[in-house]
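Remarks on the structure that follows.
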Amino acid sequence: LHKRKERYTSQTCPVCGAKKNVRGRMYRCSCGYTQHRDIHGAANLLSKVLYENRIQSLPFEIQKPTYLRIA
């Protein structure tokens with residue numbers, strides 16, 4: 001178990017390091033990186049654990065979630 005602060009995890013681009021305020025459900029950076037806001041924040045938090053508090057690109061791709069609806 002690793003304890004990390006989630007400061008800036010939803011605002012920082014893991015590709016170019018730019019910080020921006022997030023509006024809407026998608027995080028879009030001017031460098032071209034785009035991801036669902038919740039997945040983006042979770043991936044950046046994982047990055048802080050793996051890379052000793054640094055936010056950077058992960059060595060794998062995170063897929064968009066699939067939502068299921070009860071019929």
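None of the figures in this text is laboratory data; all of them are computed from the coordinates on show. Here the structure is a predicted model, which means the values were calculated and not measured. Glycine also receives a Cβ, built like all others from the backbone with ideal geometry; neighbour counts cover every protein chain displayed.
Which whole-number percent gives the relative contact order of region 1-57, counting Cα pairs below 8 Å spaced six or more residues apart?
Working: 74 pairs, mean separation 21.2, N = 57.
Answer for region 1-57 is 37 percent.
So what's the angle, to the nearest 10 degrees on a 0 to 90 scale, between helix 37-50 and the longest Cα principal axis of the chain?
Around 40 degrees separate the two axes.
Around residue 36, which amide H atoms from residues at least 5 apart in sequence, or from another chain, sit under 5 Å from its own amide H, with H modelled in the peptide plane?
27
Name the residues whose placed amide hydrogens come within less than 5 Å of the amide hydrogen of residue 55, ignoring near sequence neighbours (fewer than 5 apart) on the same chain.
When sequence neighbours closer than 5 places are left aside, there are no close amide H contacts.
Which trypsin sites (Lys or Arg not before Pro) in region 30-71 pass both tests, a DSSP loop state and at most 15 other beta-carbon atoms within 10 Å?
Counting only loop positions with at most 15 other Cβ atoms within 10 Å, the trypsin sites (Lys or Arg not before Pro) in region 30-71 are 54, 69.
Enumerate cysteines in the chain without a disulfide-compatible partner, where compatibility requires another Cys Cβ under 4.7 angstrom.
So, none.
Of the listed values (1) 44, 33, 21; (2) 35, 24, 16; (3) 61, 16, 13, identify the label whose number matches Cα extents along the principal axes in Å calculated from this model.
It is the value labelled (1).
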